[in-house]
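Right, one structure below, let's go through it.
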Amino acid sequence: MSKCRSEGEILLTEKYVSSSKERLYIKPPEQQNIVVLEERRSSNLTNWFTQIFLPQGYPDSVSKDYLPYQVWDTAQAFCSTISGILATQEVLRGVGVGDTNATPLAATITWVLKDGCGHIGRILFAFSHGTYLDAYSKKWRLYADTLNDAAMCIEIALPMFRNYTTFALCVSTVMKAIVGVAGGATRVAMTQHHAIRGNMADVSAKDSAQETAVNLIASITALLIITLFGNSIIIFIMMIILHITFNYFAVRAVCLKTLNEPRFLQVIETYLKKEVMATPCEINQNEPIVFYQLGPNLLDLKIAGFQIKLGGSVTSFLQRNPKAACLKVLSEIYGRREYMLVPDVASRQLLVVVKDSAAPDDVLCAYFHAVLLSIVTCAINDHNLPIYQSTGYPRPFALVCQALQAAEWSRAAAEGAVAGRFSYGPSPELARYVDKIVNKEWHRMRAGMRQTGWDLSKHLLMVDEWRICNHGNATVEPSSNKLHLNEEIGEPGNKLAFGDLLGEFMDIDFTIEPNGRFERLPSGMVFRTQSDAKVLNATEAKPDVIDLDKQ
């Protein structure tokens, strides 16, 4: 026990985790009763502010990106409230406030019509885009606030549409209704991410308290602006620009650890090109938010060369290739999987048919498998992708693609091929070969993603609801299929399977470092992660470093 020279013996120390408040339980000399000494290392004002506006247990009860997100979110809410009040003034004028010629009936009809349009818009948007709000929460969060600004621009311009006031108000109300659905749903997604202790209600309540306080201050500021400058269009435009800017910084500050399509595609691309497992924060910083999906699945076309559709029906495939033999071969190849890959080379689409017993891990593996098969199919059709381009020593997967490009057995004539487009589809042997690669690489990749902080217990990939049921017994993969390309390359003993190139490391543990190196660590050492450069329990001996660039 600790001793104090004059105060007595410290029996126990307590600390309130979310603040710097401490309590010392002391037994004074020659006394039997315990004396409680309370210490405060911060001001009462700071503690008061923390208890009102921050979740209990802050900062340990929320994610690390909570504070930067809330700072930018508070700033955008301040600007939005000011611009909203400036626009409301013109809305009231539009419905007849201050106009002696306007009748209460006309104003009531206008108000009912605009609210009715808003209700219809809310229902239609929830029906058409509700499933996308979870997967692309950051994008729709930004889109919602931008659409809200556009609606306010229409409202403040109502004096220019005096003969079409009702129509303009209906349009702006529909836009704000969409904002209400998208903004509310994405706010829930953000709250779920920040609440790491299952304290969603507390985080949501404190977020509401923050927004209410900001709205109060912004309302007073807006009244001062109107009193001093009138309905200034310059101030309105400035608030709109700041609002959009702060919103962009807010969504950029969020570091989501669940995989959606753009994040997963970037993880796969980094893994194949650099042999590095990217962390969630690195991927979130580069995640496309504004321009993603402006074209039809632009990112997967750019990285994999195919549009990848999860959970679809095989009907579209049978329209191009109705032969039962093709479907039977695919069933045999993927008989042991919880999914089946159906490539449509003519339209450059790859359909992932999911079984009804598939788990989240199976869906993630299916997407990874689909990306590899898509890239390999592009290779045999001489279609260049960024994944083939690498500086210095070619990476293992790039070597695999080059070898398959020269192999005759890897390609089959595509059904319905159009001149100028892809002419070859993957042969059954090639499909089995890629399946063999996935058997090895998915275990390695999954372990690397978990090590770097990705949450693989769930996913945000867009999966349609079609499922296939168990059908017959799958044929076991024959051992005589062409799984190595030694004869094609002319380098005997050199196995070119992506997993086999790193096969010598299968019996040892390794970690993937930012510089793209695998480190073999001596026994008794705890392997380091990307975020921690220290090696715990290490001896003085240096690790045996194997740099693939010098092999």
Estimated vicinal HN-Hα couplings, Hz - the range 273-279 in sequence order (Karplus 6.51, -1.76, 1.60; Gly, Pro = x): 7, 10, 6, 10, 8, 6, 7
First check a/c for the range 336-465, with a ≥ b ≥ c the square roots of the eigenvalues of its C-alpha gyration tensor; if it is under 1.5, answer rounded, and if not, answer prolate when a/b is larger than b/c or oblate otherwise. oblate
Taking only protein heavy atoms and a 1.4 Å probe, the highest-to-lowest accessible-area order of Thr81, Thr186, Thr212 is Thr212, Thr81, Thr186
Val290 versus Gln31: modelled label distance in nm, points set 7 Å from Cα along the beta carbon direction: 6.6
Using modelled amide H (1.01 Å from N, peptide plane; none on Pro or chain starts), what sits under 5 Å from the amide H of Ser427, excluding residues fewer than 5 places away? Arg411, Ala412
Only sites in a loop by DSSP and with at most 11 other Cβ atoms within 10 Å count here; which chymotrypsin sites (Phe, Trp or Tyr not before Pro) in the range 124-185 make the cut? none
Simple spin-label estimate for Ala150/Ala213, 7 Å along Cα→Cβ, in nm, reads 3.4
Euclidean distance between Cα centres, the range 301-342 to the range 350-386, Å: 10
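List the pairs from Lys309/Lys355; Lys139/Lys257; Lys64/Lys458; Lys273/Lys302; Lys139/Lys206; Lys64/Lys139 whose alpha-carbon separation is above 18 Å, in the order I gave them. Show your work: numbers first, answer last.
Numbers: Lys309/Lys355 14 Å; Lys139/Lys257 16 Å; Lys64/Lys458 20 Å; Lys273/Lys302 14 Å; Lys139/Lys206 24 Å; Lys64/Lys139 21 Å.
Over 18 Å Cα-Cα: Lys64/Lys458; Lys139/Lys206; Lys64/Lys139.
The values are calculated or read from the model by the stated rules, or taken from the named source; none is laboratory data. Quantities reported herein were computed from a predicted structural model and do not represent experimental measurements. Glycine gets a Cβ as well: all are built from the backbone with ideal geometry, and neighbour counts include every protein chain shown. Note: areas computed on protein heavy atoms with side chains; ligands, DNA, RNA excluded. Shrake-Rupley method; radii C 1.70, N 1.55, O 1.52, S 1.80 Å.
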